[in-house]
1. Look at ARG204 and say whether it is in contact (Cβ under 8 Å) with a residue 40 or more places away in the chain, under 20 Å from LEU109 (Cβ atoms) and of a type in the set (D, E, K, R).
2. Can you pull out every residue in the range 61-108 that is farther than 16 Å from GLY169 by Cβ and aromatic (Phe, Trp, Tyr)?
3. Which residues, counting only those in the range 304-316, are farther than 14 Å from TRP259 by Cβ and within 10 Å of the chain's Cα centre (by Cα)?
4. Select from the range 349-364 the residues that are over 20 Å from the mean Cα position of the chain (by Cα) and under 18 Å from ASP7 (Cα atoms) and list them in ascending order.
5. Give the residue that is surrounded by the fewest Cβ atoms within 10 Å (Cβ to Cβ), with candidates limited to residues of the range 196-245 that are touching a Lys or Arg at 6+ places or on another chain (Cβ under 8 Å) and of a type in the set (Phe, Trp, Tyr).
6. Do we have any residue at all in the range 55-67 that's out of contact with any Leu (no Cβ under 7 Å at 6 or more places or on another chain) and either surrounded by fewer than 20 Cβ atoms within 10 Å (Cβ to Cβ) or over 30 Å from GLY269 (Cα atoms) (or both)?
7. Quick one: would you say GLY160 is free of Cβ contacts under 8 Å to residues at least 24 places away in the same chain, over 10 Å from LEU109 (Cβ atoms) and surrounded by fewer than 24 Cβ atoms within 10 Å (Cβ to Cβ)?
8. Please work out if ARG36 is within 24 Å of the chain's Cα centre (by Cα) and within 29 Å of ALA291 (Cβ to Cβ).
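The values are calculated or read from the model by the stated rules, or taken from the named source; none is laboratory data. What you are looking at is a predicted structure, and each value in this text was computed from that prediction instead of being measured. A quick note on method: Cβ atoms are made from the backbone with ideal geometry, for glycine too, and the neighbour counts reach across all protein chains shown.
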Amino acid sequence: MLKAQADAAVASGLVGLTLGEVSHVPGCTVVISGKRRIGGSKAVTPDDRFAIGSNTKAMTCAAIVGLAQRRGPLLSLTLPQVFAEWAGEIHPAFTQVTLIDLLHHRGGLPPYNGSGPEEDAFIAAVDADTSGQPTTMMGRRAYFARWLLAQPPATGVTPGRDYLYSNAGYVLAAAMIEAQTSRAFEDVFDETLVKPLGLEGAWRSPVPGEQDVLWGHEGTVSALAVVEATAESLATKDWLDIMAPAGHWACTGAAYGHWLEWHVRALRGELTPLPQVYVDDLRAATGGRYAWGWLGLATPNRVLLMHTGHEPGFMAEAVMDNKGGFALFGFSNTAHFADDGSSWVLSLIDKALAEVLKQQSIAL
């Protein structure tokens, strides 16, 4: 069933695809189809790691909530409380913004999705700074946080109140964790999430390198091109990489299926390593609300928890019933967004997942 849908999507233009389904526990069914690189002969393998883009955000949330569960009050800390050394530089609009606000996209920060002027403004500020640049990931995140919080909030929103999806908010959240623990966020992520849940994966730069065997592709169905490093992307790679907590995790289909399997178990009421606050909020999710890296969507028969991800050349989509009835996902090394926000890639993944639900007689 899954294999037929994956093959059909590849036949319709996707370069490669992995589909996964959790309909009972324990266990997850995962299939693969397609090629590692357009025009090449090597097929996608079960060991290939797909960049999952913003689907990383739920993992980042679970890691931070897990840390808060161990350390006590953490989510309610404000930006000035954490960044006390330079709190006087923080724009007054941000002084009441908390860690939880950032994770729920209520920080009032620009999107930083790669298509706005805010990235150019930051790089220009870096280039104009002659005092020397930090050389570590932690140092760069702190530098970015200090610069960003001195700027005005995004137009038309009130920080701490209004929803505005922002990758920058997750960078600041990671910087807050680093300031509180004196440890790299990636190490905290490994300790509080990867090891307890037995997950497998790795952080992947959005700038392709020689170590990558699975190549990303961007474009319309008739004009796909391999995503390769450019002089510009290499020049800014260190700053692009600080966005990791917002969307730079990569994993196999089997590994992501294991992640969703924990959710299905937890949402059904089983005790799991997932933080209980995280699970309770997902179980109580309502349509149109964002909670811990998931967007709630109310349908006639249930509430779905959904998220999509986009990294250069890669797209991901996951959906699950918030009571643990099922979970599905699709990852492709193909990506595209039209000017109107539509995506033929996500449409094909949507079609494949919908057909699986139909064949399982699961009514939405």
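1. no
2. Across the range 61-108, the qualifying residue is only TRP86.
3. THR308, HIS310, GLU311
4. Scanning the range 349-364 gives LYS351, ALA352, ALA354, GLU355, VAL356, LEU357, LYS358, GLN359.
5. Per the stated criteria, the residue is TRP239.
6. no
7. Here the answer is no, as GLY160 does not meet what is asked.
8. So ARG36 does not fit the description; no.
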